[in-house]
1. Mind listing whichever residues of region 180-227 are in a strand (DSSP E or B), of a type in the set (Asp, Glu) and within 20 Å of the chain's Cα centre (by Cα)?
2. Can you pull out the residues in region 220-261 that are of a type in the set (Val, Ile, Thr) and either closer than 18 Å to residue 210 by Cα or without any contact (Cβ under 8 Å) to a residue 60 or more places away in the chain (or both)?
3. Would you check if residue 364 is at pLDDT below 95, in contact with a helix residue (DSSP H, G or I) (Cβ under 8 Å, 6 or more places away or on another chain) and not in a strand (DSSP E or B)?
4. Just name the residue that is surrounded by the fewest Cβ atoms within 10 Å (Cβ to Cβ) out of those in region 130-176 that are of a type in the set (Ser, Thr, Tyr) and under 29 Å from residue 235 (Cβ atoms).
5. State the number of residues belonging to region 329-361 that are closer than 16 Å to residue 68 by Cβ and part of a strand (DSSP E or B).
6. Working only within region 168-213, note down all residues that are of a type in the set (Val, Ile, Thr) and under 22 Å from residue 47 (Cβ atoms).
7. Every residue in region 197-214 that is surrounded by 20 or more Cβ atoms within 10 Å (Cβ to Cβ), touching a residue at least 60 places away in the same chain (Cβ under 8 Å) and of a type in the set (A, V, I, L, M, F, W, C), please.
Amino acid sequence: MKKTIKLAVVAALALGTTSAFATNGSNLIGYGVKARSMGGVGIAMSHGAESALVNPALISSVENTEVQFAGTIFMPNVSSDTSAGAGSKDSSANMNVIPAVSVASKVTDNFYAGIGIWGTAGMGVDYREDASNFNMVTNLQLMQFGVPLTYATNGFSIGVTPLLQYGSLDIGFKTPAGTVGAGVAQNLQFGFNVGAAYETNGITIGATYKSQIDMDYKDQLTTAGGAFGLTLGNQLSTPEEYGVGLSYNMGEHTIAVDYKQINWSKAKGYEDFAWEDQNVYIIGYEYAADGWAARIGYNYSEGPIKEQSATTTQTGGVLNALNLLGFPATVESHITAGGTYNVSKTTSIDLAVAYAPEVSKTFTHTAFTTNPLSPVFAPITTKHSQTSVSLGLNYAF
């Protein structure tokens, strides 16, 4: 077990984490390949070791010890037109790798434990070659390290995953007054996830809670906001979440639904950017045969950024510019599919593909001028779609 844990840590650190748009705001729709192939479902349906970050109560499904090494190639397609005369320009941040390593083990008849490292969220655009988009470059990276602990008895299970979160943030752009940016800021903070589940006669119900994690990125937001004459703090918190789920297994067939609320409006930093809470609805289906399984899913939520009034206040136009150009969390629907193939009794391979259709948003924004107290308003249009491919290798012993 100790050797397995060391391998998991080394593998995740070697993969690293990069910026990505992560569909539900800045959060990934799923933290493992099986979950991603079903739209992110996982509150009331166990996916083995990878359940540690979604609902830790469900790692109680492992028979002995299970390890999953996974990676997602994430390909956002983002373009923006700030009406500066150059037309729409594509962001160069169009391919990223997101790692996930999960380990879970049955310690006693009723107690389960594990360890994991997951790339969980991120945002980023790269317009450094496009003066019409103010040479904007943003890069948010989040990775969580957790140790799930679970107790199970008579169909009921409860679990907690204490978390250590690493984050980095970099915001840079150019204005007529010069280059704006404070380099890369990093932070480490603690949080936790808790979950419970109850299974009877093929029906499983589950519930989860994820704590807010307050991250502080020195000088990042104060520097960026100051270029517009806007006063911001430097905290950008990972928001708290509540979720409930239900699944029904009928032999080879399983259908599962999840609902969760992501409280962006109460998260430090995001509340300054006027992000709204998200209600996320997910449905997934699995057909499991001997030696293989096929899965499909659908995930829907309105994007958390909404247009602010730019005609009555300069602040509204500033927020529209920073949100839609630098942090365009606008996608809504996600269609997913995938499956598992058992190579042997101990080894299996997971595959997931996810697609988010293009969403186009047009806001009125505040353009950069040499005098931030004399704003110039103009429309900005951002288009955003996503494609991702996830691959996982599972080993059970």
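The values are calculated or read from the model by the stated rules, or taken from the named source; none is laboratory data. Owing to the predicted nature of the structure, the values given are computational and were not obtained by experimental measurement. Positions of Cβ are generated from backbone atoms using ideal geometry, with glycine treated the same way; all protein chains shown enter the neighbour counts.
1. 216
2. Those that are of a type in the set (Val, Ile, Thr) and either closer than 18 Å to residue 210 by Cα or without any contact (Cβ under 8 Å) to a residue 60 or more places away in the chain (or both): 222, 223, 231, 238, 244, 255.
3. Against the criterion (at pLDDT below 95, in contact with a helix residue (DSSP H, G or I) (Cβ under 8 Å, 6 or more places away or on another chain) and not in a strand (DSSP E or B)), residue 364 does not qualify.
4. 175
5. 11
6. 194, 200, 203, 204, 205, 208
7. 197
Yes or no, residue by residue, for (1) closer than 20 Å to residue 248 by Cα; (2) touching a residue at least 24 places away in the same chain (Cβ under 8 Å); (3) more than 14 Å from the chain's Cα centre (by Cα):
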site: 34; (1), (2), (3): yes, yes, yes
site: 40; (1), (2), (3): yes, yes, no
site: 55; (1), (2), (3): yes, yes, yes
site: 68; (1), (2), (3): no, yes, yes
site: 72; (1), (2), (3): no, yes, no
site: 83; (1), (2), (3): no, yes, yes
site: 92; (1), (2), (3): no, yes, yes
site: 103; (1), (2), (3): no, yes, yes
